[in-house]
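Encoded as structure tokens, the structure appears first; notes follow it.
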Amino acid sequence: DRDVLRLERKLLPPWPAITLHGRAKASEAIYGGGAQLTYLDLKGRYVPLIVREPGIGRGLAHPLLRGLDLLAPGAKGDATSTSAPSPVFVTSENRGFVLDNYEPAAFDFRSMGRASVVVRSDSLRAHILPRASVAEALTAVTDYTGRMKPLPDWFNRGATIGIQGGPAKVMRALERAKAFDVPVAGVWVQDWVGRRQIDVGGLPVGSFLWWIWEADQKLYPDWNGFVETLAKKNVRTLAYMNPYLVDATEKAGAKANLFADAERNGYLVRNAVSGRAWIGNVNMFPAALVDLSNPRAFEWMKSIVKERLVASGVRGMMADFGEALPFEARLSVGRATEFHNRFAEEWSRLPLVAAAEAGLADDFVSFSRSGYLRAPAMTRLFWLGDQLTTWDANDGLKSSLIGLLSSGFSGHSLNHSDIGGYTAVAINESGIRRTKELFMRWTELNAFTTAFRTHEGSRPELHHQFDTDDETLAHFAKFAKIYAALAPYRKKLMKEAAEKGWPLVRAMAFYHSNDVRVRKLTTQFYLGSDVLVAPVLDSRGTRVKIWMPEGEWVHLWSKRATSVVTA
């Protein structure tokens, strides 16, 4: 392809890193880098390209967050920490760039006249892709990253509601939703494995899921029957899994011990010094990580998804985590430093391979928060991770929109966030928690995105929920219906995403990159090319400022037409 400049450089080892410099115009805006949650235009920024936990707060000033960072240094994260970075970008000069390396890397855009990339490797492979527009540059980039397939029609037709607590609670919540005429596509049941209470120093610190990946006999004594009952109501069931395993001997009534099986067969990531299974302190309890570099371990974990979820009638799952492979670990194949970023992709790919082998390739929805270069081809749907239940652009409501816009420039065409955010940081009932107003505003925003999904959050008892009161439920029903009404339009856009790599949620700069007024604009967006959305993103907000492109526009609620002409 004469319109592609391929670069490849290899140095004799042990060279620690390679740096590539390229000229950039001082006025050139740069977009991409994966799911960046604080900045849209990356010009002037240093952007690490390492899959990692985003952190809690990511720079937000709050006394409880400072205390959290003292207890667990680094827990806050920073402005560029993300679960799903990507070594690609496009610019306002219609240029695309792809770094085809998986080793730890970084973009350095701090020089106004230069764009640089550094890779911790003795070789570098990159592609520069000049095109006629930002949209065409993104299509060229996604020729390398791969593109996302359309979601199944069932997922597109209504809300996916996160409910846990057993069949009786799920059914009560569904009946209440039905009474308010909420279109429900699916129920996401994350606690199908049961819950465990964790104490530290004799003090309770929280309730967490059992990572043994079998249905809890007390909470869901007839899991398959429960899933079947929901299916008869035309409601699909989605579940939860991650690539960790805990020792099932700690749980009374467990039928099997996957941790013991994996340890016996050599399927776990190992400690590089001792050679034994690496045990991490995840969520304040010990857990081992399945070694997805090992083809046999991958096949074994895939069989668990097939047998315990897909075969039970489950038609989707949150493929959580994928960020925590230690750089110093010993793997079955290759070095951990080179596999760390790829691990996230392998974990995203695994449930979709399981579903495809069961004949459900087009019917199963797996959603992932972590990924790297080729993640768009390896997951069905992204979500932006665990936003704080705040309004800010560090880690709150505003950051969720920034994440959608930035990731769209990296091939993450189908992406979304938890309605209302996820993380509470509170002592008793004082601190950061989801309010009614925040939940209702987040509901409005997400109705115009790829997925309309709730999460009860990290502290459900502190968070306002979709059915906490009648006013909230009526509001939720209204916007669930709007989301459902947009299904044919989204279906058209998902076909476009599969063919061209374009996102459903598009930054204003996607179409107007030459206009410097919109390059950093993160408070409004296009859904496709025909719908312009300007959500309320501030507490107690009643008005928004909007930048209107030239053309004829009709206000959705009032039907009032407006003609915009630029000089």
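The values are calculated or read from the model by the stated rules, or taken from the named source; none is laboratory data. Here the structure is a predicted model, which means the values were calculated and not measured. With ideal geometry, Cβ positions are generated from the backbone for all residues, glycine too; neighbour counts draw on all protein chains shown. These area figures cover heavy atoms from the full protein model, side chains too; ligands, DNA and RNA do not enter into them. Shrake-Rupley method; radii C 1.70, N 1.55, O 1.52, S 1.80 Å.
In table form, for the structure just shown:
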item	result
Accessible area (Å², 1.4 Å probe, nearest 10) - Asp222	100
Rg followed by Dmax, in Å, when the stretch 442-498 is reduced to its Cα trace	13.5, 41
Rounded to the nearest 10 Å², the accessible area of Asp143 at probe 1.4 Å	100
The stretch 451-530, dipole about Cα centre (Lys/Arg Cβ +1, Asp/Glu Cβ -1), debye to the nearest 20	600
Three semi-axes of the equivalent ellipsoid, the stretch 293-359, Cα gyration tensor, whole Å, largest first	25, 12, 9
Kyte-Doolittle at least -0.5, axis length at least 27 Å by Cα - qualifying DSSP helices, the chain	336-357
Whole-number accessible area per residue in Å² for the stretch 74-176, which is evaluated in the context of all protein chains at 1.4 Å	31
Karplus-derived 3J(HN,Hα), 6.51/-1.76/1.60, for each residue of the stretch 506-514, Hz, glycine and proline x	10, 5, 4, 5, 4, 10, 10, 5, 7
Other-chain or far-sequence residues with amide H under 5 Å of Met148's (modelled H)	Ser413
Size of the stretch 343-479 as Cα extents on the principal axes (Å, biggest first)	45, 29, 28
More than 25 Å apart - percent of Cα-Cα pairs taken over the stretch 39-190	55
Percentage of interatomic Cα-Cα distances in the stretch 142-274 larger than 23 Å	51
Charge context of Arg459, other residues only, Cβ under 11 angstrom, K/R +1, D/E -1	-1
Surface accessible to a 1.4 Å probe, per residue, for the residues of the stretch 323-366, Å²	38
Reach of Lys302 by Cα under 16 Å, taken over aspartates and glutamates that are not fewer than 8 positions away in the same chain	Glu214, Asp261, Asp291, Asp320, Glu345, Glu346, Glu357
Phi-based couplings in Hz for the stretch 78-94 (Karplus 6.51, -1.76, 1.60; Gly and Pro marked x)	8, 5, 10, 6, 7, 6, 9, x, 8, x, 9, 7, 10, 10, 5, 8, 6
Candidate lysines - alpha carbon under 25 Å from Lys25, same-chain residues fewer than 8 apart omitted	Lys43, Lys520
20 Å binning of all Cα-Cα separations within the chain, expressed as whole percents from 0 upward	21, 57, 21, 1
Apportionment of accessible area to carbon and sulfur, the chain, percent (1.4 Å)	53
Rounded if a/c under 1.5, otherwise prolate or oblate - the stretch 238-393, Cα gyration tensor axes	rounded
Accessible area expressed per residue, the stretch 485-567, with surrounding protein chains retained (probe 1.4 Å, Å²)	59
Amide H within-cut-off set for Trp188, under 5 Å, with H built and near neighbours excluded	Ile161, Gly162, Ile163, Leu238
Per DSSP, loop chymotrypsin sites (Phe, Trp or Tyr not before Pro) in the stretch 487-567 with at most 15 further Cβ within 10 Å	Trp547, Trp557
Restraint check, Lys169/Lys218; Lys178/Lys492; Lys306/Lys492, Cα-Cα greater than 21 Å	Lys178/Lys492; Lys306/Lys492
Most positive-pole-ward Cα, Leu5, Gly33, Phe321, against dipole of the chain from beta carbon charges	Leu5
